[in-house]
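For reference, the structure discussed in these notes is given below.
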Amino acid sequence: MEVDIKSADQDVICEGSSASLINLLNDIGARAVSAARVLKQAKRESKDKALMVAATEIRSNSEAIIRANVSDLNFARNKKLTNALLDRLIIDEARLNSIASGLEMIAQLPDPVGTILSNWDRPNGLNISRVSVPLGVIGIIYESRPNVTTDAGGLCLKSGNAVILRGGSESFHTSLELVNCLQVGLRAANLPIESIQLVPTRDREAVSHLLRMTKYVDIIVPRGGKSLVAKVQKESKIPTVAHLEGLCHIYLDEAAELEMAKNVTLNAKMRRTGICGAAETLLVDSRAAHKLLPAVAKSLIDHGCILRGDAGSCDLVPEMERAKEVDWSTEYLDSILSVKLVDGVDGAIEHISKYGSNHTDSIVTNNPETAERFLNEVDSAIVLHNASTQYADGGEFGMGAEIGISTGRLHARGPVGTEQLTCFKYIVRGNGQVRP
């Protein structure tokens, strides 16, 4: 279903009764199923051509996309969105070029479809292969960030899946423009434009119906805040790959080198405060807090970060606010960082186990044994040593992009890229065998 933004200057394109909305979504679903049948057989060359043409189209239409983004920003400001959420929404020339480059990177990745994952022969002469195949039709429900539109569209296309995108109301017009560019690429490659569709309405009821479309949709991926994910997990009749909140931690060990601790912590918190990989809590080994924390805290404060610490932290850094219990479990997505002194790596692991969201956590230390304990015992999707939590990103992992960071344990964990958007089937070849 192609939507022309030039006629989409209203908050809601599809207006009318609930029945009309359901009919619209069912039609989108049926078109996606038909497109998925074609896509799963598509050659790599066709998929890559669609991605490359779409990237060129995005760069060529930068002015129109940015104009649409200005409209979305005005809408978001009227809704009183925080500065961090507004930062997620902004599209400029640099970010547009990054979006286009992401599609080009996805095109360069190996085709994940048709890979023989394993192959073996049985004593009876049967040959059995386990082969990667697309998931089918994927529903993506996300908030604010228009880059998810292209990341999800590109990754699903490369992995042979049709996708139904339901973006946030704040990024509505920007996402429409980006989907139009993706569909130009599909058309140029002679692939169904219904392979990538955007639900053309801000009506929240569309989400509820999408979650019940078991006839058409195989997997739901929610990407957004805690309330969105909770709604999807509660209401969905379709299996979900959950992208939960990012309560990310940096732990500064007794054996941390000071300059590295300063640089890694500052980047983890302040590079972009509104992304899920931003650090929200700083844990410091109490035995080394006197030599580490004052300098690290000064660097953060000088860059506009508000610190909220426990009693020991506040004693070392008088400018720090006193933390409350709720701070240890808060995803600020803002220039705020909670700080706590802990009893070595054991205390850090215990704190992360109690308050973390199994997303991304990092240790800064020059002690390899301590680092290995942290890496092995912290049960998060991504665990780092001497590196910023902001590397929690599919693009940084060499995946081209990501749909989200899965914090669950079923099917996919960590960045969800092309390989994670496939499953497998068994192909059995015989020469007339019958089972005795």
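Listed values, structure above:
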{"item": "Cα gyration tensor of the range 258-404 - equivalent ellipsoid semi-axes, whole Å, descending", "result": "22, 18, 15"}
{"item": "Among beta bridges that DSSP assigns inside the chain, antiparallel share in %, nearest 5", "result": "30 percent"}
{"item": "Projected-area mean, the range 252-314, by convex hull of Cα positions, square nanometres", "result": "4.1 nm²"}
{"item": "The chain: C-alpha pair distances exceeding 35 Å, %", "result": "35 percent"}
{"item": "Degrees separating the helix 344-355 axis from the principal Cα axis of the chain, which is the longest one", "result": "50 degrees"}
{"item": "Separation of alpha-carbon centers, the range 269-305 and the range 60-76, rounded to whole Å", "result": "34 Å"}
{"item": "Kirkwood estimate for the range 344-424, i.e. one over the average of 1/r between Cα atoms, Å", "result": "13.5 Å"}
{"item": "At 1.002 mPa s and 20 °C, Stokes D of the range 278-349 from Kirkwood alpha-carbon radius, µm² per second", "result": "177 µm²/s"}
{"item": "On Cα atoms only, tilt of 258-270 relative to the major axis of the chain in degrees", "result": "50 degrees"}
{"item": "Computed over the chain: relative contact order in percent, which uses C-alpha pairs under 8 Å that are six or more apart", "result": "19 percent"}
{"item": "Burial order of peptide ranges 206-212, 167-173 (average beta-carbon count within 10 Å, highest first)", "result": "167-173, 206-212"}
{"item": "Mean ellipticity per residue at 222 nm, deg cm²/dmol - from DSSP H runs of n ≥ 4 across the chain, formula -39500 (n - 2.57)", "result": "-13000 deg cm²/dmol"}
{"item": "Charge-dipole axis of the range 248-391 as Lys and Arg at +1 and Asp and Glu at -1 on Cβ define it, positive-most pick from Leu282, Gly304, Ile250", "result": "Gly304"}
{"item": "For a label point 7 Å along the Cα-to-beta-carbon line of Ser34, residues of the range 185-208 with backbone N under 20 Å", "result": "185-200"}
{"item": "Highest to lowest packing among 21-33, 333-345, scored as the average C-beta count within 10 Å", "result": "333-345, 21-33"}
{"item": "0 to 90° range, to nearest 10: angle between helix 62-78 axis and the chain longest Cα axis", "result": "60 degrees"}
{"item": "Listed peptides 136-142, 233-239, 94-100 by packing density, highest first (mean Cβ within 10 Å)", "result": "136-142, 94-100, 233-239"}
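Only the coordinates and a few stated rules stand behind these numbers; no lab work does. Source: prediction; values computed, not measured. Here the Cβ is made from the backbone with ideal geometry for all residues, glycine too, and neighbour counts use every protein chain on show.
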